[in-house]
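Reading through the structure tokens given below for one structure.
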Amino acid sequence: MSDAVTFRLMTEADLDAVLKIEYAAYSHPWTRGIFVDGMKSYAIWLMFEGSQQVGHGVINVIIDEAHLLNITVKPENQGCGLGLKLLEHLMAEAYAMKGRECFLEVRDSNRSAYRLYERFGFNEIGRRRDYYPVAGGREDAIVMACTLFE
Ligand SMILES: CC(C)(COP(=O)(O)OP(=O)(O)OC[C@H]1O[C@@H](n2cnc3c(N)ncnc32)[C@H](O)[C@@H]1OP(=O)(O)O)[C@@H](O)C(=O)NCCC(=O)NCCS
């Protein structure tokens, strides 16, 4: 039987562990400074499987509009359903903070994340040309949105 999945909000004491997962998971990771500033304005959630930290996610809710700013599962733990669990938790928290619609941007090349968002209920609503840096150039962001329910 697998260990229970739990969540809690990030504190300064979690910075090193979060950055380790962030740098392992992304070609263009968020920096320490972004997380330090982020803790002041956003809800940053950590996910644990048993006692092991396996991911994090960041939401910002302004009035009734939520934005998913970061969702990351530790590379060794990807592909087991943890991404969906984390997304479900983040969207439930966004709803509890009175968010009624959530928006996000995803790299055009990040098909695994795109499929995860679609599986949850996000739809593609637009595209930002050359939004992200990529080795040797830029790539588009796909903009997705989802109505949130209880
Ligand atoms: C995107 C991300 C968060 C998804 O996390 P994850 O834990 O791999 O997500 P899931 O396990 O829920 O789903 C991933 C895949 O595993 C499959 N899967 C889930 N549970 C499974 C299981 N028990 N057995 C086999 N496959 C399974 C899903 O069907 C999905 O397949 P697909 O990619 O072909 O659609 C993760 O890949 C990640 O952190 N990537 C790097 C950071 C990133 O790009 N974040 C998004 C920025 S927009």
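Quick one: in the range 47-67, which of the residues that are of a type in the set (Val, Ile, Thr) and in contact with a helix residue (DSSP H, G or I) (Cβ under 8 Å, 6 or more places away or on another chain) is nearest to the ligand (Cβ to nearest atom)?
Filtering the range 47-67 for residues that are of a type in the set (Val, Ile, Thr) and in contact with a helix residue (DSSP H, G or I) (Cβ under 8 Å, 6 or more places away or on another chain), the one nearest to the ligand (Cβ to nearest atom) comes out as Val54.
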Identify all residues within the range 68-117 that are more than 8 Å from the ligand (Cβ to nearest atom) and without any contact (Cβ under 8 Å) to a residue 12 or more places away in the chain; write none if there are none.
Glu76, Ala92, Ala96
Failed condition for Gly33, given (1) of a type in the set (Gly, Ala, Ser); (2) under 24 Å from Val134 (Cα atoms); (3) away from the ligand (no atom under 13 Å from the Cβ); (4) within 13 Å of the chain's Cα centre (by Cα), with all others met?
(4)
Might you check whether a residue that is basic (Lys, Arg) and closer than 23 Å to Ile62 by Cβ occurs anywhere in the range 132-140?
no
Outside any helix (DSSP H, G or I), within 17 Å of Ala43 (Cα to Cα) and among the charged types (D, E, K, R) - does that describe any residue in the range 105-119?
no
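Yes or no, residue by residue, for (1) over 21 Å from Ala94 (Cα atoms); (2) surrounded by 12 or more Cβ atoms within 10 Å (Cβ to Cβ); (3) of a type outside the set (S, T, N, Q):
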residue	(1), (2), (3)
Asp3	yes, no, yes
Thr6	no, yes, no
Leu15	yes, yes, yes
Ile21	yes, yes, yes
Ser27	yes, no, no
Val36	no, no, yes
Met39	no, yes, yes
Ile44	no, yes, yes
Phe48	no, yes, yes
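Coordinate-derived values only; no laboratory data. Everything numeric here is computed off the predicted structure, so don't read it as measured data. Reconstructed Cβ throughout: ideal geometry from the backbone, glycine too, with neighbour counts over all protein chains shown.
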